[in-house]
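Written out below as structure tokens is the structure these notes cover.
The values are calculated or read from the model by the stated rules, or taken from the named source; none is laboratory data. None of the values given here were measured: they were computed from a predicted structure. Virtual Cβ from ideal backbone geometry, glycine too; neighbours counted across all protein chains shown.
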Amino acid sequence: MTGADLSGMLPEMLPRLWAFALRISGDQHDAEDLVQRACVRGLERAHQLQADTAPLSWMFSIVHSTWINELRARSVRSRSSMEWDDDFLETVEDPKARTPEQITMNAQIIEAVQRLPDAQRAVMLLVAVEGLSYSETAETLNVPIGTVMSRLSRARQAIGALFASKPGQPMKMATFGKDSAS
Amino acid sequence: MKVDDITLMAYVDGELDIEERREIERELDDSPDLAERIELFRASSLPYQDAFAQQKLPPVPESLTRKIAELSRTHASATSPVPPGPAADPAANDAIAPPNIGLPPSAPVRSLMRFSAPWLAAAFAAGVFSCVVGLRLLPGLTGLPGGAATVASAPPASPWVMAAAGYQALYSRDTVAVATDPAVSAKTVADIHQIDGLPVRVPDLSAQGLTFKRIQRLRFHDKPLVQIVYLPKTGGPVALCVVKDAKPDQSLAQQKINDMDVVTWRQSELSYALIGTAGQVDLGQLGKLIAKRDVDAMFSQAPLPVRPVAS
């Protein structure tokens, strides 16, 4: 893989990198900066990308590590959930008929994931949203696969606890009662 | 015995073998705590991809699109090919794939790693799609549609491909002897587009000597799986199977599963498996034609537009 090869793929990957950056940083300006820096780093190091590594998960990994470094630099260990831009928690109306219950449910799922601690959220985003395997996720986050699985299990326990009370139905819990979405 | 959460998660996701399952079910009888934890994992099986596909995100800023385009152009013209090798800059290794790429994972976790996320209830088929080595053994993103020139050897098959190949092995020419009413097939195609949300195109392979026989809506792990069956002039039927899969495109790869030849690829968020009795039809060639859309479509309602990747 060369910078030239990767540079041809970046414009196509951009929407997914942007969405991922927004979802891990929770801030538009941070996300823009993050994607740009990650692309520069990616291009500089394209020769290290092995033929058998998926370029997209490799770029996710650079976005993620760039963000972690940024957080360290700011001495922010974990952004408080108060800082989240709640606009991101809204969902759009789908032209295909979706019931208000589904729309509310989707908003609750997104909120439940976004409220996870950073490390667990990254694993959930990569596995459940981006569809990476456990091993690809481990590679992307540069952690052992056991860590991926234990973060995933903690994240799912937390999310399960929110949804277990009313299976298959929107939750009543105050923090999730976003009527605006329905 | 104290069952740890990772094992329990694998239990709920159906990833344990019979012995391991029984072990947990025995524990379950006298541990209310265990039942509670299982309930939490079950409740966490949610349509995440579907939900996030609905998330209202700000569009990619124009300034960013422009900068990345510039950056790409600069690199495309300025970089000369550098052979892959050890990193020159030691600090550059922080976000890079580990050195043991290609080695099999360690045995104890293997069974847990086989599927990435079969618990993505009602979500798209991506969840059942990630083999251990998955993407990594295959050529990169750019394999399709431009350069489907080579057919790579494949990684271990995805669970749905294994299932589809096993199913196909039961087919004989007699299975599809009775012709399906074209109106029924057209209705099935419409349902696949509208209800299953799969923009599947039914390739007309008559010029290649394969007669369309029928199209069926199957399910694998609760996700739609489309099976299109053709009959070649001789030998067993050939099936083109399709599931939704939001991962990047992947070029053609060929392998043998039991006694079936299987060619797989991924294109525009659909994963394809072309399956036939070994050694009868050149499936690699056929797969290339289908992937490059060098053949006409039957029942040709325009397929639904593919869901935008990250909106």
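Which one of B:253, B:273, B:246 is surrounded by 23 or more Cβ atoms within 10 Å (Cβ to Cβ) and part of a loop (DSSP other than H, G, I, E, B)? Working first, answer last.
Details: B:253 fails: part of a loop (DSSP other than H, G, I, E, B); B:273 fails: part of a loop (DSSP other than H, G, I, E, B).
When all the criteria are applied, what remains is B:246.
For the stretch A:1-49, name all the residues that are within 7 Å of another protein chain (Cβ to nearest Cβ) and small (Gly, Ala, Ser). Write out each step before concluding.
First, pick out the residues of the stretch A:1-49 that are within 7 Å of another protein chain (Cβ to nearest Cβ): A:1-4, A:7-11, A:14-16, A:18-19, A:22, A:28, A:32, A:35-36, A:39-40, A:43, A:45, A:47-48.
Residues satisfying the conditions are A:3, A:4, A:7, A:8, A:19.
Which residue is surrounded by the most Cβ atoms within 10 Å (Cβ to Cβ), if the candidates are limited to the stretch B:59-90 and must be at the interface with another protein chain (Cβ under 7 Å from one of its Cβ atoms) and modelled with pLDDT under 65?
B:79
State which residue pairs qualify: first residue within 17 Å of residue A:151 (Cα to Cα) and in a helix (DSSP H, G or I) and inside the stretch B:1-21, second residue at pLDDT 90 or above and of a type in the set (Gly, Ala, Ser) in any location, beta carbons under 7 Å apart, and separation of 6 or more residues or different chains.
B:5/A:153; B:6/A:150; B:6/A:153; B:9/A:153
Take the residues in the stretch A:112-152 that are surrounded by fewer than 24 Cβ atoms within 10 Å (Cβ to Cβ) and of a type in the set (D, E, K, R); name whichever of them is nearest to the other protein chains (Cβ to nearest Cβ).
Within the stretch A:112-152, the match that is nearest to the other protein chains (Cβ to nearest Cβ) is A:151.
Let me spell it out: the conditions are (1) touching a Ser or Thr at 6+ places or on another chain (Cβ under 8 Å); (2) at pLDDT 90 or above, and residue A:57 meets all of them except one. Which number is the exception?
(2)
Return the total of residues in the stretch B:1-35 being among the β-branched types (Val, Ile, Thr) and away from every other protein chain (no Cβ under 13 Å). It would help to see each step written out before you state the result.
Pass one, the stretch B:1-35, residues among the β-branched types (Val, Ile, Thr): B:3, B:6-7, B:12, B:18, B:24.
Keeping just the survivors that are away from every other protein chain (no Cβ under 13 Å) gives B:18, B:24.
Going through the stretch B:1-35 one residue at a time, the tally reaches 2.
Identify all residues within the stretch B:183-195 that are more than 27 Å from residue B:282 (Cα to Cα) and either touching a residue at least 40 places away in the same chain (Cβ under 8 Å) or in a helix (DSSP H, G or I) (or both); write none if there are none. It would help to see each step written out before you state the result.
Taking the stretch B:183-195 and keeping what is more than 27 Å from residue B:282 (Cα to Cα), we get B:183-184, B:186-188, B:190-195.
Across the stretch B:183-195, the qualifying residues are B:183, B:184, B:186, B:187, B:188, B:190, B:191, B:192, B:193, B:194.
Among what's in the stretch A:1-15 and is within 22 Å of residue B:49 (Cα to Cα) and surrounded by fewer than 18 Cβ atoms within 10 Å (Cβ to Cβ), pick the residue that is modelled with the lowest pLDDT. Outline the logic, then answer.
So the first thing to find is which residues in the stretch A:1-15 are within 22 Å of residue B:49 (Cα to Cα), and the list is A:12-15.
Within this subset, residues satisfying the condition of being surrounded by fewer than 18 Cβ atoms within 10 Å (Cβ to Cβ) are A:12, A:15.
Numbers: A:12: 88, A:15: 92.
Here the residue is A:12.
Scanning for something at the interface with chain B (Cβ under 7 Å from one of its Cβ atoms), outside any loop (DSSP other than H, G, I, E, B) and either among the charged types (D, E, K, R) or closer than 21 Å to residue B:56 by Cβ (or both), does the stretch A:50-67 turn up at least one residue?
Scanning the stretch A:50-67, I find no residue that is at the interface with chain B (Cβ under 7 Å from one of its Cβ atoms), outside any loop (DSSP other than H, G, I, E, B) and either among the charged types (D, E, K, R) or closer than 21 Å to residue B:56 by Cβ (or both), so the answer is no.
Among the residues of the stretch B:210-229, count how many are without any contact (Cβ under 8 Å) to a residue 24 or more places away in the chain and farther than 30 Å from residue B:45 by Cβ.
Adding up the residues that qualify gives 1.
Given the options A:102, A:108, name the one that is of a type outside the set (A, V, I, L, M), within 11 Å of chain B (Cβ to nearest Cβ) and in contact (Cβ under 8 Å) with a residue 60 or more places away in the chain.
So the residue among A:102, A:108 that is of a type outside the set (A, V, I, L, M), within 11 Å of chain B (Cβ to nearest Cβ) and in contact (Cβ under 8 Å) with a residue 60 or more places away in the chain is A:108.
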